[in-house]
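For reference, the structure is listed below as structure tokens.
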Amino acid sequence: MRNNQSGDNSMAKVKKREEYGDDSIEMLKGADRVRKKPSVIFGSNGIEGCEHSVFEIISNSVDEAREGFGNTITVTRFEDKSIEVQDYGRGIPVEFNRRENEYNWKLLFCELYAGGKYNTNDGGSYEYSLGTNGLGLCATQYASEYMEAEVHSNGYCYHLQFKNGEPVGDMIKEPYSKKDTGTRIKWRPDLKVFTDIDIPLEYFQDMMRRQSIVNAGIKFVLRNQNGSKFETFEYFYENGITDHLKEVVGNNAISSVCTWSGERVGRDRADQPEYKLKINAALCFSNKVQLKEYYHNSSYLEYGGAPDKAVRSAFVSQIDAYIKKNGKYLKSDSKINFQDVEDCLVLIVSSFSTVAAYENQTKKSVTNKFIQEATTEFFKHQLEIYFIENKLDADKICDQVLVNMRARVRAETTKLNIKGKLQSSNDMGSRVQKFVDCRSKDVSERELFIVEGDSALGACKQARDSSFQAIIPVRGKILNCLKAEYNKIFANDIITDLIKVLGCGVEVRSKSMKDMVAFNIDQLRWSKVIICTDADVDGFQIRTLILAMIYRLMPTLIEKGKVYIAESPLYEINSKDETWFAYNEQEKQDILSQLENSKFTIQRSKGLGENDADMMSLTTMNPKALESTRRLIRVDPTDAQKTAEIFDLWLGDNLAGRKEHIARDGAAYIDMADVS
């Protein structure tokens, strides 16, 4: 390939592609094993992975405290994005290890898969530990810009320093006369490893609160640097998950708060060794509060895994058995499922095992077969005893589950009916009452006019261009969609007709209706959706209710600029052979001042239904008059939050705010009030 630049006849250099062979295989060594592939260990190279690296260090301190060595863990978040974790445990072992013929500090900070928690099931130093793989401390050190460690143990103070994953010098060992022991580690995650290291304060607060919940009696202290000062947050639950559950449910429980615990011994497979499992659970039932949290060896199980499967099986089985035994099912009832239970369940499960098989290093799901089987049996047994000993509570719980089931079945039936009602798109004109379609199939030019009543339909029908303008009348004032339940909204014929004609489905934010009709902007049949109502109080209210419907059911139409308001004139002014339309009082005065001494007639504009076709074409329907007499206002919510607040104020449940608004600002609109 020749270089075509003038004055240079050299050949362009093309990098030769290496031939794949025996020498193509390479192995990452040392810190590069984490620095080049952080997501393998931390689950992500973004902020989530950086957050998990912090948890790896804190989890070591938690393991020490759980074994009874120290009862306070302090975490400091510095403004320069560095983090410090300090505990008062036994101190990380850093001296020479005869078995491995190496110093422990080099093994723990610089070697993956080096740790003291591999023999938890064989009487090791840690029985139930968060750490299991010997990866966390070393991987976090590898992924740091720098790390400093200070260890107090055996009458000595040890200092260690690292930079970019490598040791800086040897360990410094000094005599230490004070009695305290423990470990302090400070580091800054490396931006060359993670794409973001600005871990939000909220992550530290949530994570440390969760750790305090499942580690009863251990105090977690969070210090957050703010300028030259540090704000302090403390998290402590004396009774752990029970205190937290009472905090969450408050006075909204329909049953007593129960705390259950038990221990089991078993194996995942017949040829594998037995291990111990400890289960702690706090629970109650409520028709106002729902919560379901799982922890294993102090790690929050975001995805649940074995404990979640156990709870689903056990609770449905035992509650269903009680309902059948006591004849609570009606002939028309369906069998309960876990959604019906979950909708009134407040549950926290914290389990510990000497062997734990996590889904991966991030420990968001535990997968042990024995843990699932033992936890299922545990909850079945506890629920059976509880229902026998507490019949009043059992009746209330089962009655609430049945209420949830019947509501779910009704919602699903409604969803299916509405889905069938809205999804079909053939022969739209014959299925929607009084809808007048246009001939064009080109969505880019099609306009839909939503008009007020049958009389406006007649006038607009005569004035429209039938090739691309369609009309649907709204019969009376539609439902206030901001206050109504979804089942009432979708039972309203006016609203369902509008949804069918629009064609794009709805954006429903409801668990029971979420899959009803998937919204798809590409299925919208119109380039413009134009709301066309009279310029009076009733017309303004109908316009607002239509906008509220669109705002709640398909807000994307507003965000994409598809919704317009046709502004109707207030006055028609005639002088000689000319006609002017004024849309407000100021425009009327401007037109009259231009006429000066000329004779004129002025008439308050009639409702849409009383206008003749020519006037409707000039003022509302004719797009060729867009720059002169036809006026369309595009609904364009530049501030979505403000729009939501205004709709809630005027049409929602904010009654107190509405009263305050009328008292404060109502005088400015008194002349517009219809008090006849």
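The values are calculated or read from the model by the stated rules, or taken from the named source; none is laboratory data. Predicted model, so just to flag it, every value in this text is computed and none were measured. As a convention, Cβ positions derive from the backbone with ideal geometry for all residues, glycine included, and neighbour counts pool all protein chains shown. To get the accessible areas, we keep the full protein, side chains included, count just its heavy atoms, and leave off ligands, DNA and RNA. Shrake-Rupley method; radii C 1.70, N 1.55, O 1.52, S 1.80 Å.
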request  = Excluding residues on the same chain fewer than 8 positions from Lys309, give the aspartates and glutamates whose Cα lies under 18 Å from its Cα.
outcome  = Asp268, Glu293, Asp320, Asp340, Glu342, Asp343, Glu359, Glu373, Glu377
inquiry  = Going by amide H atoms built from the backbone, whose H comes under 5 Å of the H on Lys528, apart from near neighbours?
reply    = Leu448
query = Using alpha-carbon pairs under 8 Å, 6+ residues apart, how would you state the relative contact order of the chain in percent?
reply = 8 percent
message = Give the separation of the Cα centroids, the stretch 73-115 to the stretch 161-194, in Å.
response = 7 Å
message = Given a 1.4 angstrom probe, what's the average accessible area per residue across the chain, in square angstrom?
response = 52 Å²
ask   = What list of ³J(HN,Hα) couplings, whole Hz, do you get for the stretch 465-473 from phi and the Karplus terms 6.51, -1.76, 1.60, once you set θ to phi - 60° and write x for glycine and proline?
value = 9, 5, 6, 9, 10, 10, 9, 9, x
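Please arrange Glu26, Glu447, Glu102 by accessible surface area, largest first, computed with a 1.4 Å probe and ligands excluded.
My answer, sorted largest first, is Glu26, Glu102, Glu447.
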query = In terms of the Cα gyration tensor, with a ≥ b ≥ c the square roots of its eigenvalues, is the stretch 263-369 rounded because a/c is under 1.5, prolate because a/b exceeds b/c, or oblate?
reply = prolate
ask   = From the square roots a ≥ b ≥ c of the eigenvalues of the alpha-carbon gyration tensor of the stretch 213-270, which class results: rounded (a/c under 1.5), prolate (a/b over b/c), or oblate?
value = oblate
request  = Any of Lys288/Lys324; Lys461/Lys488; Lys364/Lys488 with alpha carbons more than 29 Å apart? Name them for me.
outcome  = Lys461/Lys488; Lys364/Lys488
Long-range amide H partners of Thr195 with built H, under 5 Å = Gly46
query = Using Cα atoms only, what is the angle between the long axis of helix 493-502 and the major principal axis of the chain, expressed in degrees (0 to 90) to the nearest 10?
reply = 80 degrees
key: Residue-level accessible surface for Tyr275, protein heavy atoms, 1.4 Å, Å²   = 10 Å²
request  = Determine which lysines satisfy two conditions relative to Lys599: a Cα distance under 17 Å, and not lying fewer than 8 residues away in the same chain.
outcome  = Lys576, Lys588
task = Round to the nearest 0.05 the FRET efficiency obtained for Tyr203 and Glu19 when R0 = 51 Å and r is the Cβ-Cβ distance.
result = 0.60
Helical contribution to [θ] at 222 nm, DSSP H n ≥ 4, -39,500 (n - 2.57), averaged over the chain, rounded to 500 = -10500 deg cm²/dmol
message = At 1.4 Å probe size, what's the solvent-accessible area of Glu166? Round to the nearest 10 Å².
response = 100 Å²
In Å², nearest 10: area of Arg184 left accessible to a 1.4 Å probe = 50 Å²
ask   = Among bridges DSSP assigns within the chain, what percent are antiparallel (round to 5)?
value = 75 percent
key: Filter on Lys528/Lys659; Lys106/Lys178; Lys292/Lys363; Lys500/Lys560 - keep pairs with C-alpha separation over 29 Å   = Lys528/Lys659
Structure-derived log10 I(q)/I(0) by the Debye sum over Cα atoms at q = 0.07, 0.10, 0.11 Å⁻¹ - corresponding label in (1) -0.53, -1.04, -1.23; (2) -0.42, -0.87, -1.06; (3) -0.75, -1.04, -1.11 = (3)
Accessible-area ranking of Lys36, Lys292, largest first, probe 1.4 Å = Lys36, Lys292
remark   = Under 5 Å from the placed amide H of His296, counting only residues 5+ away or on other chains, we find Leu301, Ser351
Contact order relative to length of the stretch 290-396, as percent, for alpha carbon pairs under 8 angstrom and 6 or more apart = 43 percent
message = Once you place label points 7 Å from the Cα toward the Cβ at His661 and Asp243, how far apart are they in nm?
response = 4.4 nm
